[in-house]
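Quick notes on the structure that follows.
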């Protein structure tokens with residue numbers, strides 16, 4: 001899964017380094033979980049994280 005910033009009004013100059021989702025994905029994968037995204041163009045995005053139980 002590839003993550004990128006769609007909102008061009010927000011940038012590194014206005015705050016953030018575009019790393020949040022990439023870091024979250026690495027953490028989820030390290031715990032053998034799965035991260036999915038659903039998006040409605042121009043409206044909203046939903047991210048779901050699933051982690052296995054012991």
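The values are calculated or read from the model by the stated rules, or taken from the named source; none is laboratory data. These figures come from a predicted structure and were not determined experimentally. Cβ placement follows ideal geometry from the backbone for every residue including glycine, while neighbour counts extend to all protein chains displayed.
Screening 49, 23, 27 for residues that are assigned to a helix (DSSP H, G or I) and at pLDDT 90 or above leaves exactly one candidate, 27. Close contacts from the stretch 31-45, counting a first residue that is on the phi < 0 side of the Ramachandran plot and a second that is at pLDDT below 85 and assigned to a strand (DSSP E or B), with Cβ to Cβ under 8 Å and a gap of 6+ residues or different chains, come to 37/45; 38/45; 39/45.
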